[in-house]
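A.B. asks: Next up is a structure, given as structure tokens.
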Amino acid sequence: MAAIAHDVAELAINRDRALLNFPDLIGSLPVPKSTSIVHIRAAAKAAAEQFNVRPEVVGASEVSSQEIAEYFDEDELFNMPQLLIEMAEGLMVSPPRVGPPEYDEPLEVLEDNNLWKFDE
């Protein structure tokens, strides 16, 4: 509606040099009586009302069951709550060892081989 009103005002003010949003509608746009601001506003308002398209409101009873069946919950599809829990648990797991453990070393040395140790 605003673009149509702009076209009416643009035609009234700039005539041949007018840059229009809808150049193919020139013949169907109302022409202001004069270049007065009051007349231009009235013509722009009339054009906006002429091309006003209001969407139809669909009642809940008119929606078909097929349209309702097309909706799917992505959270349910990917089991999102459980996925987030599993991701958090994955962050709590210590990373894999850099190399294979040496089994001929004492058990205390094997237990201290942790990549998350920061006191050294």
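Nothing in this text is a laboratory measurement; each read-out follows from the coordinates by a stated rule. Just so it is clear, the structure is predicted and the values come from calculations on it, not from any experiment. Glycine gets a Cβ as well: all are built from the backbone with ideal geometry, and neighbour counts include every protein chain shown.
A.B. asks: Less than 12 Å Cβ to Cβ from ILE26, Lys/Arg counted +1 and Asp/Glu -1: what total charge do the surrounding residues give? Write out the running numbers ahead of the final one.
C.D. replies: On the way: positive: ARG15; negative: ASP7, GLU10, ASP16, ASP24.
Every neighbour counted, the sum reads -3.
A.B. asks: Sorted by packing (mean other beta-carbon atoms within 10 Å per residue), highest first, where do 16-24, 31-39 land? Present the calculation step by step, with values, prior to reporting the outcome.
C.D. replies: Working: 16-24: 10.7, 31-39: 12.3.
Taking the mean over residues of other Cβ atoms within 10 Å, the ranking is 31-39, 16-24.
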